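Working notes, structure below.
The values are calculated or read from the model by the stated rules, or taken from the named source; none is laboratory data. Note that this is a predicted model, so its numbers are computed, not measured. Every residue, glycine among them, receives a Cβ derived from its backbone with ideal geometry; neighbour counts consider all protein chains shown.
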Amino acid sequence: MNTHFSKSLETLTRYQRYESRVVNIGDIPLGGNNPIRIQSMTNTDTMDTAGTVAQTIRLVEAGCEYVRITAPSVKEAQNLGVIKAELKKRGYTVPLIADIHFVPRAAEEAAKLVEKVRVNPGNYVDRKRFQEFEYNQQEYQAELDRIEQRFTPLVKLCREEGTAMRIGSNHGSLSDRILSHYGDTPQGMVESAMEFVRICATNQFHDLVISMKASNTRIMIQAYRLLVDQMNREGFNYPLHLGVTEAGDGDDARIKSSLGIGSLLRDGLGDTIRVSLTEPPEAEIPVAISIVNSIKNIAQHAPIEPLKTLPINMFEYQRRKTQPLSIIGGDQVPVVIADLSQTEGGLDNYLTEAGYLFDLMSDTWVAGDQGADILYFGQKDTEIKLSENTLCLYDSETWSNSETQDNTYPLFTLESYSTAESKHKMANFVFVETSESIGNLPGDSGIIWLLSSKNEHQMADLRRFILELTNQGNTQPIILLNRLKDERREELLLAASAEIGAILNDGLSDGIWLRSSTLSIFDINELSFGVLQASRSRMTKTEYIACPSCGRTLFDLEEVTAQIRERTSHLKGVKIGIMGCVVNGPGEMADADFGYVGTGPGKVSLYRGQLVVRPHVPQLEAVDSLIELIKSEGYWVDP
Ligand code: SF4
């Protein structure tokens, strides 16, 4: 029986995979106890048979188990048959998935040729007009009837042909009808898919896979939780396809993808995943495999005490209420701690790695936009001039023996705290492990907990401890302390993003302290701020919402993304969408402040939010024009 989210709290503290039904997609079954499947999408022109076949083979060789190919119209849908035949000739039987938007006839054609079709319920029948409509009950029902009429032939065809279907809601492309009733919300995403699911069920078609993708990880996670809750209520258990859309490229995209996908996998949700990178599709596969591997031992985790009550709503974001102590807690953004206790020689280089700049005028080190808020020196005697808003943390004994205690704070173990004669009058940092009994912890109002877990299911263990503290009315701030295991850089980055990011995403932490014996201070600092940004807890850099590109793409996305990044990467908190086509681009970048969207060969339209403000700009002038637009809207600062 599925107990995720709606029926019991058990799965919040015990790893248990969601019991989805098995759906056969070609000869690779999905869901149930089958392995979590890896998939990706080609970005070649679907009419380029040789290019698409070659890229599909590269994906398969990298470990991809299903390959999605766009079918914007009937002719591309028909060419899927040619691609399939060519793959078969070369000995590849990988299941193919047709990606459909807007064109039911293309879906119906593809359903006869490939193993699965993906439809977007936001645009399968409705054409989005980016206008606000008011729907009364009758009008709403009339649209549902129209959808049923247009969608049912595909459902019947899939049932007859043994073709599976993904109903994939995207946060950015909900229909005007759904938006009018639910707004641009996780509830809207769920209802958008469920309307189609119900039509399938009425027609006894159950080879379904469902997805709820968004670029905003908070929305994405909430939408999947709500979907599972809603499916439980209606007696469905279709497998889940997980993904974060338009994640962009590089480390930030990997952090964001792992945060969204990895945290849901840890809660037992997800049967297949796709990591969307604005990089060659083959680059997505090792990332996806690492995300899946990061939970390979989770089922054997040590028992975690169950929760009796849940003090938060898992379907809505709310920051845990804590008392502000100095720059930590309350409504303040989560802080980052950098560990400088193991450094050798002078500190200058290490401070630079921790995001500090030396200010000649004041003769002090000043934190930049991504400067760690708290520097931990352990037992080191430091004589370094730091700006007033940087806190320095020392082991308690070193702190109590030091002469100058301005802006310095002590760090205790639980034991040393209970026996200490000298404590800070305002704030004391205390290590605590999740294995401690909460009832025995001191309730002093000046404590900031540095919370860590040794459990294999770290996310659930940390979360349980914080929720239990909250249940007891405790408002002491909590900083998550994550000791990164000695693994490769990318694996560390992916695991930490999921384990720590998930807690931030639920508003349960006032800061993070990542410690590693293998990563540099620079890497750890980048990762820390990356996780805060990906969880939308603290925006310290420009956010790029770049599509992964596909057969519809009208320009070189990787190259253009690099050009835009080079000119705008200093614009803290500004969100820029870079989308390959006008069909889906504007919707997919729902969250962006500015958009760069391909509208025709050599032509780009620039958006302010969801509005086209500079249509059909020649591509050669488009990056300059985007910069001008950002300036004219008052979002520009000089680098
Ligand atoms: S927005 Fe990008 S990935 Fe999505 S359909 Fe258009 S070109 Fe393809």
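Looking only at residues in segment 164-222 that are in a loop (DSSP other than H, G, I, E, B) and either of a type in the set (S, T, N, Q) or within 16 Å of residue 270 (Cβ to Cβ) (or both), which one is modelled with the lowest pLDDT?
My answer is 175.
Residues in segment 454-471: is at least one touching a Leu at 6+ places or on another chain (Cβ under 8 Å) and farther than 22 Å from residue 11 by Cβ?
no
Evaluate segment 496-515: report whether one residue or more is free of Cβ contacts under 8 Å to residues at least 40 places away in the same chain and in a loop (DSSP other than H, G, I, E, B).
no
What about residue 586, is it within 10 Å of the ligand (Cβ to nearest atom) and assigned to a helix (DSSP H, G or I)? Before you say what the answer is, go through the steps one by one.
Numbers: within 10 Å of the ligand (Cβ to nearest atom): yes; assigned to a helix (DSSP H, G or I): yes.
Criteria met by residue 586.
Just the residues that are more than 16 Å from residue 628 (Cα to Cα) and either crowded, with 19+ Cβ neighbours inside 10 Å or modelled with pLDDT of 95 or more (or both), please, taken from segment 556-576. Quick ask: steps written out before the conclusion?
The first filter runs over segment 556-576 and keeps only residues more than 16 Å from residue 628 (Cα to Cα), leaving 556-562, 572-573.
Scanning segment 556-576 gives 557, 560, 561.
Among residues belonging to segment 555-572 that are part of a loop (DSSP other than H, G, I, E, B) and free of Cβ contacts under 8 Å to residues at least 40 places away in the same chain, point out the one that is nearest to the ligand (Cβ to nearest atom).
Taking the candidates together, the pick is 556.
For residue 154, all conditions in the list (1) under 23 Å from residue 103 (Cβ atoms); (2) more than 30 Å from the chain's Cα centre (by Cα); (3) surrounded by fewer than 22 Cβ atoms within 10 Å (Cβ to Cβ) hold save one; what is the number of the exception?
All conditions are met except number (3).
Could you grab me the full set of residues in segment 151-194 that are among the charged types (D, E, K, R) and farther than 29 Å from residue 246 by Cα?
156, 159, 160, 161
Can you find a residue that is more than 20 Å from residue 40 (Cβ to Cβ), away from the ligand (no atom under 14 Å from the Cβ), touching a strand residue (DSSP E or B) at 6+ places or on another chain (Cβ under 9 Å) and assigned to a helix (DSSP H, G or I) anywhere in segment 573-583?
no
Just give me the residues in segment 108-154 being modelled with pLDDT of 95 or more and of a type in the set (Gly, Ala, Ser), in sequence order.
110, 111
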